[in-house]
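Step one of this worksheet: look at the structure below.
Read-outs throughout are calculated quantities, based only on the coordinates presented, and are distinct from any laboratory measurement. Source: prediction; values computed, not measured. We place every Cβ from the backbone using ideal geometry, glycine too, and count neighbours over all the protein chains shown.
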Amino acid sequence: MAEIGQDIAQAKAILSKGGLVGIPTETVYGLAGNALNDRAVTSIFQVKNRPSFDPLIVHVADMNAAASFVQEIPEPAKRLADAFWPGPLTLLLKKKSNISDLVTSGLDTVAVRVPEHALTRQLLTNLNFPLAAPSANPFGYVSPTKAEHVEAQLGSRLEYILDGGACQVGLESTIISFAHDQPKVMRLGGLSVEAIEKVVGPVEIANHSSSKPAAPGMLKSHYAPKKSIVLKSDFDRSSIENINEIGALLYNQYDEYLPKRNQFLLSENSDLNEAAARLFLGLRTLDQHENINTIITDFVPNEGLGRAINDRIKRATAKS
Ligand code: AMP
Ligand code: MG
């Protein structure tokens, strides 16, 4: 069992000796270790059972700290960082040699981000090293948006979890690359494409439906609960033997044929930001519901954070 609390000094002490701490961010909870300590970085991969070819995001306190780990910050990256840091935006930039190949899985870019959460920002400004932190869940499973989710899945392998309450955004960060200084969205996430385009103009969005991705955040089948989850449109209702065994994760309206207690609405008020914040909680809740063995779901409007939600729904329902 990990200790859960809000003690920055304790978190700092554990991290400084190479240990791991669960940290709150506005996106999801992170499994954090000293990004400059190879032993800490290696244990992040082990604890998550994450393949070594899936690079980690490096979290820093501010733009100045970011600058000390990258060779250059292209103009559009600067504009985006100015506009959205701290926030759910990760920039892929050419790394300096002070970032080890373990962190970047041998790539010559490093993913950097300034997270927006009072506790974690306070922690970062108190450390003299950056934090490598992937989502604090076992590889491939639903990301944690509360301290108790981290405790439930990784508690036995962690010393401490900083409890910052429920994550406000609830989706992983939006990742942008800058090959030839052209911003390109590599992973849809908690910062909408519309917001990004207001700052840097139209951006390309990488096609993720690859079975040989640049990195597993982009894997076709990912973010999946343990139970079978299918799109409403692919679900054959005539095959239902017992409606109590069917759950539903839906946007703003209940399925009229299924029991309400088996359903989780993302946002009764049709608010996509609220839906984003509740998506992983919904997947987790239905996954743990004792009677349910199949979860049906559906896409939400494909705008704002709806695009990132739909991306996660696509991956959660993809056949591996
Ligand atoms: P997570 O922290 O679990 O949300 O996952 C981090 C994700 O960031 C990875 O799965 C990759 O998709 C992406 N990523 C991190 N570093 C790089 C990099 N250097 N190049 C490309 N993608 C990266
Ligand atoms: Mg993850």
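Quick notes on this structure:
- Near Arg187, the amide H atoms lying under 5 Å from its own belong to Ile175; only residues 5 or more places off or on other chains count, and H is placed 1.01 Å from N.
- Between helix 272-288 and the chain: long-axis angle, C-alpha atoms, 0 to 90°, nearest 10: 70 degrees
- Extending 7 Å from Cα along the Cβ direction at Val200 and again at Lys78 yields two label points whose distance is 1.4 nm.
- Net lengthening on full extension, Glu245/Lys96 (0.36 nm per residue, minus Cα-Cα): 48.4 nm
- Span from the segment 112-154 Cα centroid across to the segment 8-66 one, whole angstrom: 7 Å
- Per the Kirkwood formula applied to alpha carbons, the chain shows a radius of gyration over Rh ratio, Rg over Rh, of 0.97.
- Among Leu191, Asn293, Asn98 the positive-end extreme of the charge dipole of the chain (Cβ point charges): Asn98
- Net charge contributed by nearby residues that have their C-beta within less than 11 Å of Val185 (K/R +1, D/E -1): 0
- Of Met63, Met186, the sequence from fewest to most neighbouring Cβ atoms within 10 angstrom is Met63, Met186.
- Only the Cβ atoms of Lys and Arg (+1) and of Asp and Glu (-1) were treated as charged; on that basis the dipole of segment 78-200 about its Cα centre amounts to roughly 360 debye.
- Restraint check, Lys17/Lys226; Lys95/Lys198; Lys12/Lys146, Cα-Cα greater than 32 Å: Lys17/Lys226
- The chain, helix-only ellipticity at 222 nm - DSSP H runs n ≥ 4, -39,500 (n - 2.57), divided by all residues, nearest 500: -8500 deg cm²/dmol
- Kirkwood Rh and Cα Rg combined as Rg/Rh, segment 223-286: 0.96
- Charge dipole magnitude, Cβ of K and R +1, D and E -1 - the chain, Cα centre, debye nearest 20: 700 debye
- Taking the DSSP beta bridges with both ends in the chain, the antiparallel portion is around 40 percent.
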